[in-house]
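Derivation of every value follows stated rules applied to the coordinates shown; laboratory data play no part. Values in this document were obtained by computation on a predicted structure and should not be read as measured data. Cβ placement follows ideal geometry from the backbone for every residue including glycine, while neighbour counts extend to all protein chains displayed.
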Amino acid sequence: MAITNSICIKQCSCNKFTITDTSDWDTLVPATDIVSSLFQIYNSEDDLIFTTDTNEYTLSVEADSTTPTFLDGEYRILVTYIDDEDNEYIIEEFVYNVCNIKCKKEQLIRDLALEDGCTSCKDEKLKLALEASILFQALCAAIICKNTSEADKLLAWLEDKLINYKCKSC
């Protein structure tokens with residue numbers, strides 16, 4: 001049985017997702033009747049990258065990345081609850097992570113602000129920072145509009161632009 005209630009997904013420091021059930025259980029079944037909770041995270045290739053289950057109702061879990069950070073891109077969050085009558089309640093949400101590319105963009109802007117002199121290099125960085133900021137805003141708009149294919153293109157474009165943004169010599 002699919003329910004329309006939802007979960008809240010927050011990210012911390014690019015390496016942790018916090019998933020919290022925000023469902024109004026009184027409209028379905030009391031939360032005290034839930035006997036099993038399963039939280040799963042799938043990456044954009046639909047590989048299971050995190051799972052945890054308990055033999056009780058679990059309101060919230062924290063998922064730590066097994067690599068230094070969660071990669072940027074779309075993730076599918078699946079939460080399954082089973083009640084004492086073996087009824088299954090499934091909540092599915094999608095979240096698009098942009099933490100790493102946002103960090104690169106912000107680092108570029110910080111480096112630009114701290115740079116003294118070197119005007120030709122600074123001009124190039126300024127152009128790159130402006131382009132990255134515009135592309136990042138377009139990426140956020142694509143995510144809000146749930147246009148994953150466009151978001152993927154913009155993310156790839158940003159990753160390519162910011163791969164080596166440092167001024168090598170002046």
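Overview of values
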{"read-out": "Residue-wise HN-Hα coupling along segment 136-152, computed from phi with Karplus coefficients 6.51, -1.76, 1.60 (Hz; x: Gly, Pro)", "value": "5, 5, 5, 4, 4, 5, 5, 5, 4, 7, 6, 9, 5, 5, 5, 4, 4"}
{"read-out": "Net dipole in debye of segment 77-119 [+1 Lys, Arg Cβ; -1 Asp, Glu Cβ; about Cα centre; nearest 20]", "value": "720 debye"}
{"read-out": "Karplus (6.51, -1.76, 1.60) ³J(HN,Hα), θ = phi - 60°, over segment 76-89, in Hz, Gly and Pro reported as x", "value": "9, 10, 10, 10, 10, 10, 10, 8, 5, 10, 6, 7, 9, 10"}
{"read-out": "Fraction of beta bridges assigned by DSSP in the chain that are antiparallel (%, nearest 5)", "value": "95 percent"}
{"read-out": "Reachable lysines, given that their alpha-carbon falls under 24 Å from the alpha-carbon of Lys153 and they are not under 8 places away in the same chain", "value": "Lys10, Lys102, Lys104, Lys105, Lys125, Lys127, Lys161, Lys166"}
{"read-out": "Label corresponding to Rg and Dmax of the Cα atoms in Å when calculated from the structure given, among [x] 20.6, 71; [y] 18.5, 60; [z] 49.0, 166", "value": "[x]"}
{"read-out": "For Lys16, net neighbour charge (Lys/Arg +1, Asp/Glu -1) across residues whose Cβ lies under 14 Å away", "value": "-1"}
{"read-out": "Long-range HN-HN contacts of Phe50 with modeled amide H, under 5 Å", "value": "Ile41"}
{"read-out": "Quotient of C-alpha Rg and 2.2 N^0.38 Å, computed over segment 99-161", "value": "1.22"}
{"read-out": "Taking Asp47, Asp33 and counting other C-beta atoms within 10 Å, the order from fewest to most", "value": "Asp47, Asp33"}
{"read-out": "Order of Lys105, Lys146, Lys161 - criterion: other Cβ atoms within 10 Å of each residue's Cβ, fewest first", "value": "Lys146, Lys161, Lys105"}
